[in-house]
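The values are calculated or read from the model by the stated rules, or taken from the named source; none is laboratory data. These numbers come from a predicted model, not from an experiment. Cβ placement follows ideal geometry from the backbone for every residue including glycine, while neighbour counts extend to all protein chains displayed. SASA here: full protein model, heavy atoms, side chains in, ligands and nucleic acids out. Shrake-Rupley method; radii C 1.70, N 1.55, O 1.52, S 1.80 Å.
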Amino acid sequence: MKIQNVTDASFRKYGKVLEGYDFSGLLKEMKHMPVPEDVIYVPSVDELEALDVAKELQNRAYGGLPIQIGYCNGHNKKLNAVEYHRNSEINVAATDLVLLIGEQKDIEDDFTYDTSKIEAFLVPAGTAVEVYATTLHYAPCNVKESGFQCVVVLPKGTNTELNFQPEKTGEDALITAKNKWLIAHEEAGIEGAFNGLKGENITLE
């Protein structure tokens, strides 16, 4: 699969590179976060949310909405699933990583999605990107054998446990957490997920 760069014009329909923020404190704090052999996602981390840049992100990137700052770290080479939210997600790459992404408009009426439409983009270490709400995404892929580390910024409460029972019909069947709609690949074996990814479970070599 061709790996493009988030600075390429082809990324513009999916998101944009964020400029004008000082992420040095965030990147420094990420050095203390674990990098397991599989993938770990933690929605909210006090040490990251205590940094000055957290308030700046809340005010400038989210217009004053309450936010959470967490991370997704580990080792991954597969697509496995795609998800979307009703808001943009900000990713700050603490290491080089690759995002496998697509467009929500390409989801079929029966909520299946053809994985051949997925594109791959390198996010170099130290780069921050806004991933638009209409962009399908999931866990990053690592570039180096040592794994990947990615800061994840979202509106507060996103990806946390549901306090209601969604219907198992239509788009409601994709709701797996608060503000999270997920379409999984059958190969991934994600318990309780809607297996609507059709085609290859894309794997980066």
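The spacing between the range 139-168 and the range 182-205, judged by their C-alpha centroids, is 16 Å. Can you give the FRET efficiency to the nearest 0.05 for LEU65 and GLU205, using r as the Cβ-Cβ distance and R₀ = 35 Å? Efficiency for this residue pair is about 0.35. Rolling a 1.4 angstrom probe over the range 20-95 with all protein chains present gives an accessible area of which 51% lies on carbon and sulfur atoms. Rounded to the nearest whole Hz, the Karplus-based 3J(HN,Hα) values (6.51 cos²θ - 1.76 cosθ + 1.60, θ = phi - 60°) of the range 124-138 follow the sequence x, 3, x, 8, 10, 10, 8, 9, 4, 4, 8, 9, 7, 7, 7, with x at glycine and proline. In the elastic network of the chain, a GNM with C-alpha springs shorter than 10 Å, the most mobile of ASP114, ASP96, ASP46 is ASP46.
Taken over the Cα atoms of the range 14-148, the convex hull encloses 109 Å³ per residue. Put simply, the amide H of GLU103, placed in the peptide plane, has neighbours under 5 Å in LEU136, leaving out anything fewer than 5 places away on its chain.
Considering only ALA139, ALA50, ALA173, the mean-square fluctuation computed in a Gaussian network model of the chain, springs between alpha carbons under 10 angstrom, is largest for ALA50. The relative contact order of the chain comes to 27 percent, based on Cα pairs under 8 Å that sit 6 or more residues apart.
The helix-based estimate of mean residue ellipticity at 222 nm for the chain, built from -39,500 (n - 2.57) per DSSP H run of four or more residues and divided by its residue count, is -1500 deg cm²/dmol to the nearest 500. Candidate cross-link partners of LYS31 among the lysines, defined by an alpha-carbon separation under 29 Å and a same-chain spacing of 8 or more, comprise LYS16, LYS55, LYS77, LYS78, LYS144, LYS156, LYS178, LYS180. Computed from the alpha carbon positions, the gyration tensor of the range 1-55 leads to an equivalent ellipsoid with semi-axes of 25, 19, 10 Å, biggest first.
Beyond 13 Å, what share of the Cα-Cα pairs of the range 40-104 remains, rounded to the nearest whole percent?
On the way: 1500 of 2080 pairs.
More than 13 Å apart: 72 percent of the Cα pairs in the range 40-104.
Between HIS75, HIS32, HIS137, the Gaussian network model of the chain with springs among Cα atoms under 10 angstrom shows the greatest mean-square fluctuation at HIS32.
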